[in-house]
Each structure stands twice: as C-alpha cells, then as structure tokens.
Amino acid sequence: MLNEEKIKLMTSIAMFEKKEGKRLRPSRCYFKSDYISRHMLMAFCGYTLCCLLSLVLWVLYDLETLLSGVDLDTLLICAVRYLVFYLAGLVIYLLLTALVYWKRYDHASGSMRIYVAKLKRLEKRYEYQTKVKEIH
C-alpha cells in the first residue's frame with residue numbers, strides 16, 4: 001500500500017533537488033573560504049586582463065601622440081595614475097566579488113540544511129514503516 005505522506009515528501013525532495021541543485025554545490029564541495037577565494041582569484045585574473053587590454057588599446061589609439069612628443073615625466077605620471085586607478089578598481093571589484101560569493105555560499109548552506117532536514121524526515125518515515133512491519 002502506498003503512503004501518501006511519503007510520496008509527497010519524496011516529490012518535495014525531488015523538486016527541491018531540481019530547483020536548487022546547482023546552488024547546493026558550493027556548500028557540498030567547498031569550504032566557505034575556499035569557495036570565496038577561488039572566485040576572488042578568478043575575478044583578479046579577469047580584472048587584470050581587462051585592464052591590460054584597455055591599456056593596450058589606449059596605447060594603440062594614442063601611439064602617434066606618444067611617439068611624437070611625450071617626455072618621460074608625463075609618461076611616468078600617466079603610468080602612476082593608471083596604476084592608482086587600477087588598484088582602486090581592483091580593491092572595489094574584489095570586495096564586491098567577496099560579498100556576492102559570501103552571500104551565495106550562505107544561501108547554499110541554508111538550502112543544504114533544508115535539504116538534509118527533508119532527507120532526515122524521509123529516513124524517519126522509513127524507519128517508522130519498518131518498525132511497524134516488524135511489530136506485526
């Protein structure tokens with residue numbers, strides 16, 4: 001005989017896995033610090049690459065001006081400005097990245113607790129059913 005409560009619980013767990021499956025992965029596979037630092041490293045690499053590409057584009061765009069009459073002091077001032085803007089942007093970008101992935105990990109941890117609670121409830125239902133069968 002089918003137990004409707006068990007079927008509803010199993011359906012609920014399956015729907016939860018389908019809906020939240022990808023979001024549960026961080027809390028299952030990583031520690032919080034590893035997950036956040038991994039994404040911060042990827043953000044650092046991406047931001048640095050974008051800044052280097054923008055520097056190359058700027059140099060190519062102003063190549064005639066740079067070759068015609070820019071002295072070393074002006075070039076040094078431009079380099080220092082670019083470095084300051086790069087570092088300020090990098091710090092802001094890494095802080096935002098850390099905040100976003102901190103929240104994602106916390107959400108995944110909360111969802112994982114819900115998922116484990118549902119599984120434990122299902123396991124208790126199975127234990128109850130086997131005990132009832134053993135008594136009879």
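The values are calculated or read from the model by the stated rules, or taken from the named source; none is laboratory data. Because the structure is a prediction, the values reported are computed rather than measured. We place every Cβ from the backbone using ideal geometry, glycine too, and count neighbours over all the protein chains shown. SASA here: full protein model, heavy atoms, side chains in, ligands and nucleic acids out. Shrake-Rupley method; radii C 1.70, N 1.55, O 1.52, S 1.80 Å.
Is it fair to say LYS118 is under 30 Å from the mean Cα position of the chain (by Cα), among the basic types (Lys, Arg) and under 30 Å from ARG25 (Cβ atoms)?
yes
Report the residue count in segment 7-32 for those that are open to solvent by less than 100 Å² (accessible area, probe 1.4 Å), out of contact with any Leu (no Cβ under 7 Å at 6 or more places or on another chain) and part of a helix (DSSP H, G or I).
Here the count works out to 13.
Looking only at segment 33-65, which residues are touching a residue at least 40 places away in the same chain (Cβ under 8 Å) and either exposed (fewer than 14 other Cβ atoms within 10 Å of the Cβ) or not in a helix (DSSP H, G or I) (or both)?
THR48
Tell me, yes or no, whether segment 91-101 has at least one residue that is in contact with a Lys or Arg (Cβ under 7 Å, 6 or more places away or on another chain) and surrounded by 14 or more Cβ atoms within 10 Å (Cβ to Cβ).
no
Can you name the condition, by its number, that TYR115 falls short on among (1) out of contact with any His (no Cβ under 9 Å at 6 or more places or on another chain); (2) of a type outside the set (Asp, Glu); (3) modelled with pLDDT of 80 or more; (4) closer than 25 Å to TYR35 by Cβ?
The single condition TYR115 does not satisfy is (3).
If we keep just the residues of segment 33-56 that are within 17 Å of ALA98 (Cα to Cα) and among the small types (Gly, Ala, Ser), which is modelled with the lowest pLDDT?
Ranking the candidates gives SER33 first.
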